[in-house]
Amino acid sequence: MGDDRYRIESSEPVADDFVVLVNLGCCIAGIQGAALGEPLPAMLNAYRKGQDLNPASAEQVVGRMQRALPDNEDVAELHRYWVRRLAQREASRHYEFIEGIWATFERAEDLETRIETLQHVRRLAENYLNDHPDGLEREQVEQLHREATGRLEI
């Protein structure tokens, strides 16, 4: 409709506390949000704890909110939550990779492959323990590390 003005129409009713996201393309500033009511409560609701959202996307959006509202404790707390969710997603991916290498060890028949995969599991477990101190799989990784180390010392 003109300079930075857009008309948004919906064939479905939209509640006041919804945020409409519009993809304007990469070259025109990406995704923009339009709140039909008060924007802060709508955004806090859209990205509230427990939502089934992509943690990377949610952290990015809430991080932008925090930069815009640096003194808002609700936004800061919500950002910390999504940072933790993102970190846990990475920790879980790391753990799944370790489990895959462990499965390779268990299937391996020749001694050289078994030793190499145990060494790999041990290195990956050490990396997990260093990189993800609050990871939910920490106990399982510690156990895999102990087991790999014990088998290598035989």
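How much of the accessible area of the stretch 90-153, probe 1.4 Å, is carbon plus sulfur, in whole percent?
Within the stretch 90-153, the accessible surface is 44 percent carbon and sulfur.
Provide the net charge surrounding GLY135, with neighbours chosen by a C-beta distance below 14 Å and charges set as Lys +1, Arg +1, Asp -1, Glu -1.
Surrounding charge for GLY135 is -4.
Looking at the stretch 96-154, which GluC sites (Glu not before Pro) are in a loop (DSSP not H, G, I, E or B) and have at most 16 other Cβ atoms within 10 Å?
Taking the stretch 96-154 and a limit of 16 other Cβ atoms within 10 Å, the loop GluC sites (Glu not before Pro) found are GLU109, GLU153.
What distance in nm separates the two pseudo spin-label positions at LEU40 and LEU69, each 7 Å out from Cα along the beta-carbon direction?
Simple spin-label model gives 0.5 nm for this pair.
Between ASN130 and ARG48, what is the spin-label point distance in nm, taking each point 7 Å from the Cα along the Cα→C-beta axis?
The modelled label-to-label distance comes out at 4.1 nm.
If you stretched the chain out fully between THR104 and LEU152, how much longer would it get, using 0.36 nm times the residue separation minus the C-alpha to C-alpha distance?
Fully extending the segment from THR104 to LEU152 adds 15.7 nm.
Please compute the length gained on full extension between ARG138 and SER11, using 0.36 nm multiplied by the number of residues separating them and subtracting their Cα-Cα distance.
40.9 nm
The values are calculated or read from the model by the stated rules, or taken from the named source; none is laboratory data. Computed from a prediction, not measured in an experiment: that's the story for all the values here. Virtual Cβ from ideal backbone geometry, glycine too; neighbours counted across all protein chains shown. All accessible areas refer to the heavy atoms of the entire protein, side chains included, with ligands and DNA or RNA removed. Shrake-Rupley method; radii C 1.70, N 1.55, O 1.52, S 1.80 Å.
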